[in-house]
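Undergrad: If you scroll down you'll find the structure; I have some questions about it.
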Amino acid sequence: MEPILTAKDVVKVYHNLSGEPFYAVSHVSMEIERRSLTILRGRSGSGKTTMLNMMSALDLPDSGTITCEEIQINVPDEKIREQFRRTTIGYIFQAVALIPIMNAYENVEFSLRLSGYQGDYRERVEECLTKVGLKDRMYHMPYEMSGGEQQRVAIARAIAHKPKLIFADEPTAELDTQTALQVIKVFKDLIEKEDVSIIMTTHDAGLFDVGDVCYEMEDGQIVGKYVTGRNNESK
Ligand SMILES: Nc1ncnc2c1ncn2[C@@H]1O[C@H](COP(=O)(O)OP(=O)(O)OP(=O)(O)O)[C@@H](O)[C@H]1O
Ligand SMILES: [Mg+2]
């Protein structure tokens, strides 16, 4: 099957004060399979966030192409990229950025409204919070929830508008291993039931092989690709 997203020969260069180039991402090619969990691992500064930001059309590469379902997304037209970000993808960050004065339900609903979702808001918000195991905490405020629960609200928020792809940058960095594994379990359930693909970055060696595919980055390059999960059986 065609991958949902393909990055080909992607380069991102920064220049230091004396004008010398620094390759944050250097000729990276990767594919995100449909209905898969892809892990992007690598040391601090290896280029993971830079790569994620380009694949999610937050940032533009200096060269190379990124396509999602045959549509090129690394185009200068900000409107096209914004449309892609708003409708096709969801984003989860390391520091959970819930709106502190809104409860879990309101946080998810607010984001659903911004996406222009066509459908019943209440039904979808309740469905998403139930999927992440927070049915009983729907009306809790962020300060009344643990870090892991808040991250699950953030996941519900990221999936509410039915994106095809979810980008998660270090989503488990502030969680202990046990809680991190619960988040991974939520990801896997979503892949199965919501028909999404998820790509996440991590430093946590305990999570390198929890996905279907793991790419390893070093100094802006991919230095390894490991097929770790169920996709292995079909290859
Ligand atoms: N806007 C920028 N200007 C200059 N250099 C940058 C910029 N953004 C990132 N870099 C550099 O590019 C390299 C890759 O950064 P990136 O944030 O992608 O790393 P990372 O793998 O996500 O690291 P971490 O695990 O710490 O989050 C780093 O050396 C960083 O300093
Ligand atoms: Mg990073």
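The values are calculated or read from the model by the stated rules, or taken from the named source; none is laboratory data. Please read these numbers as outputs of a predicted model, since none were measured by experiment. FYI the Cβ positions are ideal-geometry reconstructions off the backbone, even for glycines, and counts take in every protein chain you see. Each accessible area value is taken on the protein alone, full model and side chains, heavy atoms only, with ligands, DNA and RNA left out. Shrake-Rupley method; radii C 1.70, N 1.55, O 1.52, S 1.80 Å.
Undergrad: For L60 and E127, FRET efficiency with R0 = 25 Å and r from the beta-carbon atoms, rounded to 0.05?
TA: E between E127 and L60, to the nearest 0.05, is 0.10.
Undergrad: Quick one: pull the percent of accessible area on region 60-176 belonging to carbon and sulfur, 1.4 Å probe, ligands and nucleic acids left out.
TA: Carbon and sulfur together cover 50 percent of it.
Undergrad: Please work out how much length the chain gains when fully extended from M1 to D136, using 0.36 nm per residue of separation minus the C-alpha to C-alpha distance, in nm with one decimal.
TA: Stretched out fully, the M1 to D136 stretch lengthens by 44.8 nm.
Undergrad: Could you work out the local net charge near S26, counting Lys and Arg as +1, Asp and Glu as -1, over the other residues with Cβ closer than 11 Å to its Cβ?
TA: So the environment of S26 carries a net charge of -3.
Undergrad: Once you charge only the Cβ atoms, +1 for Lys and Arg and -1 for Asp and Glu, what is the size of the charge dipole of region 23-146 about its Cα centre, to the nearest 20 debye?
TA: In total the dipole reaches around 300 debye.
Undergrad: Net charge near L165, counting Lys/Arg +1 and Asp/Glu -1 over other residues with Cβ under 13 Å of its Cβ?
TA: +1
Undergrad: Only four residue types carry charge here, +1 at the Cβ of Lys and Arg and -1 at the Cβ of Asp and Glu. Report the dipole size of the chain about the Cα centre in Debye, rounded to the nearest 20.
TA: 320
Undergrad: Let me ask something else about it. Starting from the 7 Å offset along Cα-to-Cβ, what nm value, one decimal, do you get for the label separation of F208 and D189?
TA: 2.9
Undergrad: Further, regarding this structure: Among the helices of the chain (complete DSSP H runs), which have Cα atoms covering no less than 20 Å along the helix axis and a Kyte-Doolittle mean of at least -1.0?
TA: Those that clear 20 Å and a mean of -1.0 are 177-194.
Undergrad: So for region 99-162, taking the charge dipole from beta-carbon charges (+1 Lys/Arg, -1 Asp/Glu), which of L134, I159, N107 sits furthest toward the positive end?
TA: I159
Undergrad: Which value in nm describes the separation of the simple spin-label points at S44 and K8, placed 7 Å from the Cα toward the beta carbon?
TA: With each label point 7 Å from Cα toward Cβ, the separation is 3.7 nm.
Undergrad: On average, how much accessible surface per residue is there in the chain, in Å², for a 1.4 Å probe, leaving out ligands, DNA and RNA?
TA: 49
Undergrad: Moving on. Based on the Cβ-Cβ distance from R34 to R86, what FRET efficiency comes out when R0 is 25 Å, to the nearest 0.05?
TA: The calculated FRET efficiency here is 0.75.
Undergrad: How much net charge surrounds Q94 when only other residues with a Cβ under 10 Å from its Cβ are counted (Lys, Arg +1; Asp, Glu -1)?
TA: -3
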